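Enquirer: One structure coming up, written as structure tokens, with questions to follow.
Rule-based calculations on the coordinates, nothing more; no lab input. Everything numeric in this text was worked out from a predicted model, so none of it was measured. In this analysis, Cβ positions are derived from the backbone assuming ideal geometry, glycine residues included, and neighbour counts consider all displayed protein chains.
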Amino acid sequence: MAENLFLVIAALVIASAFWVVFSPNLIHSAVSLLFTLFSTAGLYIFLYADFIAATQVVIYVGGILVLIIFGVMLTNSIDTPSIAASSKNQFIGGVGAFTIFVIQAAVIFNTPWHIGAEQSRDSTVANIGYLLLNEYLLPFEIISILLLSALMGSALLSRRN
Amino acid sequence: MDSLQSYLVIAALLFSMGIYGVITRKNAVAILMGIELILNSANINFIAFNRFGGMENLDGHVFSIFVIVLAAAEAAVALAIVINLFKNIGSVDVDDADLLKG
């Protein structure tokens with residue numbers, strides 16, 4: 001049962017990512033990206049990462065995807081067929097991406113990965129919070145400042161006049 | 001099936017499709033979607049290594065939180081730039097954005 005579910009989720013990730021890249025319609029790409037992000041959250045649940053799965057749904061699906069759809073809507077006129085996202089360099093891109101995938105697959109299947117002991121299946125939230133406020137306190141503060149300044153900068157960039 | 005290699009292969013497929021999208025798309029927003037795919041594949045790798053590598057604590061999870069935050073900042077700044085591009089040259093085709101060309 002769980003194995004079939006894993007296969008379904010993995011197929012959904014791959015198929016919807018494929019459609020994100022190949023769809024001739026930009027809105028279809030954005031909606032397909034929604035499925036990719038949701039099923040990636042499903043993969044995180046299979047990896048016992050409950051907090052990351054929830055963060056994925058809230059930030060990617062609720063935030064970044066809405067932002068991208070706004071970007072599509074604001075920069076294209078919906079009633080004209082020019083919303084079609086044309087592509088170029090298909091041959092070079094295909095060969096390059098396929099080469100990268102082959103190299104990665106060769107590394108994945110030829111490396112003797114160290115498989116450790118089974119992890120506990122407890123909730124990860126308390127542990128992540130402990131790490132963020134102890135070991136990773138400085139990166140956490142720096143990334144907060146980075147996020148604040150990035151959001152202020154983009155608000156400044158995109159306002160009128 | 002629920003092994004490290006299967007997650008790594010899924011992430012590798014996502015990564016190469018993201019690369020393909022970044023190379024072939026002409027619309028700037030579509031290129032941004034390809035970048036999101038690439039960041040997601042990196043996140044899957046972080047979580048998978050954390051789960052199967054026998055690590056005591058959850059460092060991989062913390063790193064993937066940082067990646068998600070960076071993706072949010074990147075999407076906000078990139079869309080502001082894209083909207084400014086559209087205001088200035090009336091198109092979001094990256095081939096048209098050659099104002100700096102001499």
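Enquirer: Quick one: 3J(HN,Hα) in Hz for the stretch B:51-56, Karplus 6.51/-1.76/1.60 with θ = phi - 60°, rounded, Gly and Pro as x.
Expert: So the J values, rounded to whole Hz, are 6, 9, x, x, 7, 6.
Enquirer: Which distance in nm do the two modelled labels at residue A:125 and residue A:147 give, with both placed 7 Å along the Cα-to-Cβ direction?
Expert: Label-label distance for residue A:125 and residue A:147, simple model: 1.7 nm.
Enquirer: Could I ask something else about it? On a full-extension model of 0.36 nm per residue, what is the gain between residue A:45 and residue A:7, subtracting their alpha-carbon distance, rounded to one decimal in nm?
Expert: Working it through step by step, the gained length comes to 12.3 nm.
Enquirer: Under 5 Å between amide H atoms, partner at least 5 residues away or on a different chain: which partners does residue A:87 have, H built in plane at 1.01 Å?
Expert: Here the answer is none, since no amide H 5 or more places off falls under 5 Å of that of residue A:87.
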